[in-house]
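Worksheet for the structure shown next.
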Amino acid sequence: MAEAKNLAAAKPARLTGVKGMNDVLPPDSARWEWLEAKVRDLMARYAYRNIRTPIVEPTALFVRGLGEVTDIVEKEMYSFEDRLNGEQLTLRPECTAGVVRAVAEHNLLYEGGKRLYYMGPMFRHERPQRGRYRQFHQIGAEVLGFAGAEVDAELILLADALWRELGLSDVRLELNSLGQPPERQAHRAALITHFERHADQLDEDARRRLHSNPLRILDTKNPAMKEIVESAPRLLDFLGEASLAHFNAVKAILEANGVAYRINPRLVRGMDYYNLTVFEFVTESLGAQGTICGGGRYDYLIEQVGGKPAPAVGWALGVERVLELVKEQGEAVAEPVPDAYAVIPDASALPLAMQLLQQLRAAGVSVQMHAGSGEGMGSMKSQFKKADASGARHALVFGADELASQCVTVKALRDGSGAQQTRPLAGVSEWAHSLQSKA
Ligand code: ATP
Ligand code: MG
């Protein structure tokens, strides 16, 4: 008795996941797989290739790439020192910097431009709320090595096509141009003058950034600063001829393709690496976290992280936000159901039955096998109950009589007929297709 008590006391406390980092469980995971399949298919049609970079990168990559005076680098990064060798490392808060590092490191542009896409988890230490998590997922597209406005437009058309394929309607495109570094310099001076004039209205972040990175102030989420941000000088008014021509070329292609956009002169994005075209896709349906995708041109980033200079442009979408929108207004995503459920009345039938199941699966049939408790397979009644709950369209019954005559019984579970057929164990390929749903 005393021993039992001790055992109870020693029961390990239940561990839970890290705050702001979520498990994706079935049936929801079906929607994730559905989205990923749609994206892979679409990317193939635009001739984009998959790239996979590590989740951990040197901290310096993000400090140099994203900019020291940004929300991400100042407040949101999971950075740590590798205990074993003292390296400064960071869980990637976004993937563009990693892609650029990989492209430079492996000299991927040696034979011309590259169109790439990725999917995966990102990490930012933010306050968790609807649409904002500490581990979240992005799908991104990056085009490197091309300077023309046509790839900016291609990327926007690609995202726009994705919304359509996901059945999303309430998504709006916002567009701006950040010009080139000399134009930014002139605008920066005007910005500082403007904000200095209204210094009393600046919050702490803005005061700190006033001289180090005043453009960041335009990206504030503080509603109290809305007015001075609204009245700030617009970068668009500082653009020279070449920048305007680039911007107009993007717009012309979008217009020809019937993609509506709204010019948002306050749109600056959260990282320092952007120039020329920047854009966001936003929705009214998700509350405060309404930006589902953002991107733009980043012609100086490769050089910034030590690579050979090359122009580039890309975007990233937030998977959780997009899926939330799919749930609300997109296609209904059906949970996958097996074609068949294998009912196995007696464990002695397992070796033969499982051999047949392997053949069926090799032939493309999806089969869920009944699994016992360790003390037997359970009654026929309980097995059929499980078959029913699985959603399978057929039951395969491996009874003693069937096996004695080298057969299996196929019973229809969903069409109301309850029809039964006897099928030979030999020559599975002759009848396997009859189990499959006609998708
Ligand atoms: P926000 O302004 O909402 O903080 P952001 O400008 O920081 O977004 P980006 O770095 O441009 O976001 O990332 C692209 C997309 O990734 C965003 O539009 C959003 O959909 C998604 N995203 C960014 N941060 C998070 C997060 N913490 N949780 C969930 N999704 C996120
Ligand atoms: Mg953010």
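Annotations for the structure displayed:
- Cβ-derived FRET efficiency at R0 35 Å, residue 192 paired with residue 289, nearest 0.05: 0.70
- Here, the chain has an Rg and a Dmax of 28.4, 93 Å when only alpha carbons are counted.
- Members of 75/226; 327/411; 19/381; 226/308; 19/114 lying beyond 32 Å, as alpha-carbon distances in this model show: 327/411; 19/381; 226/308; 19/114
- Heavy-atom accessible area for residue 46, with the other protein chains in place and a 1.4 Å probe, reaches approximately 70 Å².
- Summarising the strand pairing of the chain, around 80 percent of its internal DSSP beta bridges are antiparallel.
- Each Cα pair under 8 Å and six or more residues apart adds its sequence gap; the mean of these over the residue count of the range 281-359 is a relative contact order of 21 percent.
- Mean residue ellipticity (222 nm) of the chain, computed from DSSP H runs ≥ 4 via -39,500 (n - 2.57), nearest 500: -10000 deg cm²/dmol
- Given charges at beta-carbon only (K, R positive; D, E negative), |dipole| of the range 340-435 in Debye: 280
- For the range 340-435, accessible area per residue (1.4 Å probe, heavy atoms of protein chains only), Å²: 53
- Subtracting the Cα-Cα distance of residue 347 and residue 366 from 0.36 nm times their residue separation leaves 4.7 nm of extension gain.
- Separation in nanometres of the label points that stand 7 Å from Cα toward Cβ, at residue 381 and residue 221: 5.6
- From the alpha carbon centroid of the range 280-299 to that of the range 332-354 is 44 Å.
- Summary value for the chain: 15 percent relative contact order, contacts being C-alpha pairs under 8 angstrom separated by 6+ residues.
- Additional length obtainable on full extension of the chain from residue 107 to residue 211, 0.36 nm per residue less Cα span: 33.8 nm
- Carbon + sulfur, % of accessible area of the range 340-435 - ligands and nucleic acids excluded, 1.4 Å: 52
- Between residue 421 and residue 21, the FRET efficiency estimated from the beta carbon spacing at R0 = 45 angstrom works out to 0.40.
- The dipole here belongs to the range 137-249: it is taken about the Cα centre, uses +1 on the Cβ of Lys and Arg and -1 on the Cβ of Asp and Glu, and is about 420 debye.
- Only beta bridges with both residues in the range 340-435 are counted; by DSSP, about 55 percent of them are antiparallel.
- For the chain, a crude dipole built from +1 on the beta carbon of Lys and Arg and -1 on the beta carbon of Asp and Glu, taken about the Cα centre, is about 620 debye to the nearest 20.
The values are calculated or read from the model by the stated rules, or taken from the named source; none is laboratory data. Quick caveat, the model's predicted, so the values are computed rather than measured. Because the Cβ atoms are built from the backbone with ideal geometry, glycine has one as well, and the counts that use them run over all protein chains shown. To get the accessible areas, we keep the full protein, side chains included, count just its heavy atoms, and leave off ligands, DNA and RNA. Shrake-Rupley method; radii C 1.70, N 1.55, O 1.52, S 1.80 Å.
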